[in-house]
Each structure stands twice: as C-alpha cells, then as structure tokens.
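Below is one structure, written out as structure tokens; comments come after it.
Read-outs throughout are calculated quantities, based only on the coordinates presented, and are distinct from any laboratory measurement. Here the structure is a predicted model, which is why all the values come from computation and not from measurement. Using ideal geometry, Cβ is built from the backbone for each residue, glycine included, and neighbour counts are taken over all protein chains shown.
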Amino acid sequence: METGLGVGLTAIGAGLAVGLAAIGTGLAQARIGSAGAGVIAEKPEALGTIILLVAIPETMVILGFAVAAMVLLLGG
C-alpha cells in the first residue's frame, strides 16, 4: 500500500512529464509556425512541408504522455 507522499510525488512526476514536454513543444511550434508563415507567403507550394514541420514537435507531448502513463501505472 502506498503512502500519501508516494502517491503525491508520483502524480507530480507524471504532471511534470506532460507539462514540461508541452511547454517545449509550444515554444518550438511558435518559432516554426512564424517562420512557416513567412515561407508560405513567398512560396505557397511549400504548404505541405510547413504543416509537417509544425506537426513533428507534437510527438514530444505524446511521448511525455506515454511516460506519464507509465509512471502512474508502474510507479509506486
């Protein structure tokens, strides 16, 4: 049986895994998005590439979520 402190620290660890990954992704997507808008203004045919480049950092949040799920399910 886990103690209250162990459950709390596990929850904080899971929250940090998702939260910090989301902050990093947001910063990356902001810079990629603003640069991508400039590229699309000059070369509209690059739209597909820019959409792909904006979507790639989102995998970091998905991995953070996976780590958080493992921490909550397996940690203790």
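Looking only at the stretch 61-76, which residues are among the β-branched types (Val, Ile, Thr) and either touching a strand residue (DSSP E or B) at 6+ places or on another chain (Cβ under 9 Å) or under 23 Å from Leu27 (Cα atoms) (or both)?
Matches in the stretch 61-76: Val61, Ile62, Val67.
Does Val18 fit the bill of being touching a Phe, Trp or Tyr at 6+ places or on another chain (Cβ under 8 Å) and at negative phi?
Answer is yes for this residue.
How many of the residues in the stretch 1-18 are in contact (Cβ under 8 Å) with a residue 40 or more places away in the chain and of a type outside the set (D, E, K, R)?
8
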